Amino acid sequence: MTTREILVTCALPYANGPIHIGHIVEHVQGDVWVRAMRMAGHTVHFVCADDAHGTSIMLRAEREGITPQQLIDGVWRQHTADLRDFRVAYDHYSSTDSATNRELTYGIWRALEAGGHVESRPVKQLYDPVREMFLPDRFVKGECPVCHSKDQYGDACEVCGSTYTPMDLIEPYSVVSGARPVEKESLHFFVRLADFGELLKAWLEERRAAGGLQSEVVNKLQEWFDAGLRSWDVSRDAPYFGFEIPGQTGKYFYVWVDAPVGYLAAFKELCEGGSKAGLGAGDYARFIHADANGTELIHFIGKDIIYFHTLFWPAMLHGAGLRMPTAVNVHGFLTVDGAKMSKSRGTFINARTWLDHLDADYLRYYLASMLGPTLADIDLDLKAFEERVNSHLVGKWVNIASRCAGFVHRFFDGRLAATLPEAEHARYAAAAEKLSVCAALFEARDYAAAVRAIIEIADEANAYVADKAPWLLAKDEGKRDELHIVCTLALNYFRLLTIWLSPVVPGIASRAFDFLGSPVSRFEDALDPLLGARINAFTPLATRIEPKKIEAMIEASKDSLQPNAAPTASPAPAKPATQAKTAMNESATTATPATTATIAIDDFARLDLRIGKVLGCEHVEGSDKLLRFELDAGELGTRQIFSGIKAAYAEPGKLVGRHVVFIANLAPRKMRFGVSEGMILSAGSGGADLFLLDVDAGAQPGMPVK
Ligand SMILES: [Zn+2]
């Protein structure tokens, strides 16, 4: 076997929010592949980074009253902890907002300029006159020019599906300030993609033939070629959080320019950091050289960002005289229980929420059992998930060890038999031989087929144990030798399954190898059974999933709604449909007005603000944010309102008797703790920084506030 040297990346998570299980699909797909290729004997480097630039991050930081650097530093810590705890073993996890990335981005840019691939021309774009910034398409909303639905984004209507430009919207408004945008001209820079048309076509066909691109992807790209390659607008005007274009003032690289360069920057940092054995500063140059020197560059991405990775990115690399990707492996989206991830259903599950309730390996196993080499979406069916983990991991795999380990300790001093009779040896060899096909299945990203093959052998092992019934043999002192052989073969079956499952469930596998007393880091070690070795005491390696754990996770995912934070601090409703677009993109889903646009008096009159008197106030069990208020609302009766101000008011009992201001005509909201009938107003930025509003003496419960 020739040893391959491969740099593997996953798409960079966007640094404006937490990692959720939609992201985890890709990181697990990449991580399983990396682990399997290493066990097959290849040298693999695995890097990723946060995608840290763009308008969304700039505006979110502004809203939170912190600098963009503070925002992305905090998110980076969260992302790296989540990925580590999902056992995604990156050699290095960087950020695109790094000095290395700036230097590499500038180098590529200068090469593109020198090659004559850059042009500039004025572009008319919508501009927010209040916030004084140009507005990306997703930051303009208005009435759809086709079906006249209100509040549609500037690029497409979610009601009728029409696509258009923001200037086509009727009554457009800026999502940032609410102001009516005006058209304004600005000089933009473009990369002439058509310069690379023939090169890209040849690259795509060559990669398809070599298995580096899926046919579905190449066919999709063919449509774009047929439509003609338009020049790519790579500049954005200040204010923008990113890298300023060298030689220009107030012009920045669009986040998608420096994001993929982040793959190279992360790898360069890894090479120069000296933290990985066998990798030094010179290796970066060797890897990225135009002739690639026999090394491979493999990207794992979702199907929403094909265009960027198979057109722009290879063109940029080639234009800069660098190597092109060896493969771009594309996967589909994740659905939960057959539908898009949804915050209201509690199926928009953050990585951390999962980890709070369930083992990471359980999700890894389920995802692997669903993942194939195509772009098909995969569904997390929670019932099937529970059954598969309980049946396969606990029932068919771990149980083999738990049924046999005790006998080995009780009768054989914890030692496996030193040899196996010919029949048992042949039996083991046949199973090991059968599973060796999994190396190719992992490499081809057909994890589902690999898992099926492994579970077939698990069934064979369990049938063997059931047939030999070691618990009956143990009762007969004359059958000690036979018992020893049966337990030795059964535990070797267990070890064989562990070796092949280890890329998928590295946490449980690591505990299993501890139990067996010897770790295995190569698939080829599976060919020889473990004989004569001393095993350790058996401790439960994995436990069955209780349905209530899944229910609690779903409930906890609903809790993140934060229905009653102060209006200034509450996030805009996130759109579930955008879950797939969070990696390496610039979605506007978390943008909220940073400054308040003017409104008409009618708008204010629609709010029914009232004085309420606090009759009761208490902590809500199971929530770390909420207080439950009972208000005397005068003529409106009493109201129950949940308010997310617990961090600011440690002793809710002290609030009884005081007056508050609340919105009385907010639609009632059903929460896991009960119905919330309004919203209590407070000032401040959220968390402990919240202050209830008060009213002068004389005001009575139920009085309108005008
Ligand atoms: Zn429409």
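A short reminder: the numbers here are calculations on the coordinates, not readings from a lab. Quantities reported herein were computed from a predicted structural model and do not represent experimental measurements. Here Cβ is always computed from backbone atoms with ideal geometry, including for glycine, and neighbour counts include all displayed protein chains.
Proximity of backbone amide H atoms, modeled 1.01 Å from N, is registered between residue 156 and 164 at under 5 Å, excluding neighbours fewer than 5 places apart on the same chain.
Packing, as the average of other Cβ atoms within 10 Å across residues, places the peptides 687-696, 195-204 in the order 195-204, 687-696, highest first. The protection proxy used here, the mean number of other Cβ atoms lying within 10 Å of each residue, ranks peptides 551-557, 116-122, 403-409 as follows, highest first: 403-409, 551-557, 116-122. With pairing defined as another cysteine C-beta under 4.7 Å, the cysteines of the chain that fail it are 10, 48, 271, 438, 617.
Computed from the Cβ-Cβ distance with R0 of 25 Å, the FRET efficiency linking residue 423 to residue 472 stands at 0.80. Given in Å, the Rg to one decimal and the Dmax to the nearest whole number for the Cα atoms of the stretch 599-705 are 13.5, 41.
Quick one: grab the alpha carbon gyration tensor of the stretch 210-354, order the square roots of its eigenvalues as a ≥ b ≥ c, and give me rounded if a/c is under 1.5, else prolate or oblate depending on whether a/b is larger than b/c. Judged from the Cα gyration tensor, the stretch 210-354 comes out rounded (a/c under 1.5). 3J(HN,Hα) along the stretch 25-32: 3, 6, 5, 5, 4, x, 5, 4 Hz, from the Karplus curve 6.51 cos²θ - 1.76 cosθ + 1.60 with θ = phi - 60°, whole Hz, x for Gly and Pro. Taking the Cα centre of the stretch 118-189 as reference, the dipole from Cβ charges on Lys and Arg (+1) and Asp and Glu (-1) amounts to some 120 debye. Applied to the stretch 634-644, the Karplus parametrisation 6.51 cos²θ - 1.76 cosθ + 1.60 on θ = phi - 60° returns per-residue 3J(HN,Hα) values of x, 5, 8, x, 9, 10, 9, 9, 9, 10, x Hz, with x for Gly and Pro. Simple point charges give the picture: +1 on the Cβ of Lys and Arg, -1 on the Cβ of Asp and Glu, and for the chain a dipole about the Cα centre of about 920 debye. Counted residue by residue at 0.36 nm each, then reduced by the alpha carbon distance between them, the extension gain from residue 293 to residue 244 reaches 14.4 nm. For the stretch 599-705, relative contact order (Cα pairs under 8 Å, six or more residues apart, normalised by length) works out to 31 percent.
Restricting to Cα pairs below 8 Å that are 6+ residues apart, what does the relative contact order work out to for the chain? Please round to a whole percent.
Relative CO of the chain lands at 14 percent.
The relative contact order of the stretch 1-112 comes to 33 percent, based on Cα pairs under 8 Å that sit 6 or more residues apart. What 222 nm value per residue comes from the helices of the chain, counting each DSSP H run with n ≥ 4 as -39,500 (n - 2.57) and dividing by all residues, nearest 500 deg cm²/dmol? Computed ellipticity for the chain at 222 nm equals -11500 deg cm²/dmol. Compute the label zone of residue 345 within the stretch 533-558: residues whose backbone N is under 14 Å from the point 7 Å along Cα-to-Cβ. Inside the label zone: 554-555, 558.
Quick one: dipole size for the stretch 331-375, taken about the Cα centre, charges +1 on Lys/Arg Cβ and -1 on Asp/Glu Cβ, in debye to the nearest 20. It would help to have the intermediate numbers written out before the result.
Details: 5 positive and 4 negative charges, 47 e Å.
So the magnitude is around 220 debye.
Cross-link check: pairs 150/303; 184/558; 150/184 evaluated at a Cα-Cα cut-off of 31 Å; pairs beyond the cut-off: 184/558.
Pull out the extension gain between residue 640 and residue 124, defined as 0.36 nm times the separation in residues minus the alpha carbon to alpha carbon distance; nm, one decimal.
Contour length minus Cα-Cα distance gives 180.7 nm.
In the chain, a dipole from Cβ-located charges (positive for Lys and Arg, negative for Asp and Glu) runs towards its positive end, and of 142, 178, 687 it is 687 whose Cα lies farthest in that direction. A simple packing score, the average count of other Cβ atoms within 10 Å per residue, orders the peptides 455-467, 16-28, 438-450 as 16-28, 438-450, 455-467, with the highest score first. Taken over the chain, the percentage of Cα pairs per 10 Å bin, counting from 0 up to the bin with the maximum distance, is 3, 13, 20, 22, 18, 13, 8, 3, 1, 0.
Residues whose amide H falls under 5 Å from that of residue 297, counting only those 5 or more places apart or on a different chain, are 7, 326, 327, with hydrogens built in the peptide plane. Extension gain, residue 705 to residue 272, is 149.6 nm, computed as 0.36 nm per intervening residue step minus the present C-alpha separation. Which residues in the stretch 219-240 have a backbone N closer than 15 Å to a point placed 7 Å from the Cα of residue 194 along the Cα-to-Cβ line? Counting backbone N atoms under 15 Å from the label point, the list is 225-233. Taking 41 Å as R0, compute the FRET efficiency from the Cβ-Cβ separation of residue 99 and residue 524 and round it to 0.05. The formula returns an efficiency of 0.45 here. Once the C-beta distance of residue 666 and residue 444 is scaled by a Förster radius of 56 Å, the resulting FRET efficiency is 0.55 to the nearest 0.05. The stretch 275-327 and the stretch 423-475 have Cα centres separated by 38 Å. Cα-based values for the stretch 381-527, radius of gyration first and Dmax second, are 15.4, 50 Å. In whole angstrom, note down how far apart the Cα centers of the stretch 93-113 and the stretch 507-537 are. Each part reduced to its Cα centre gives a spacing of 44 Å.
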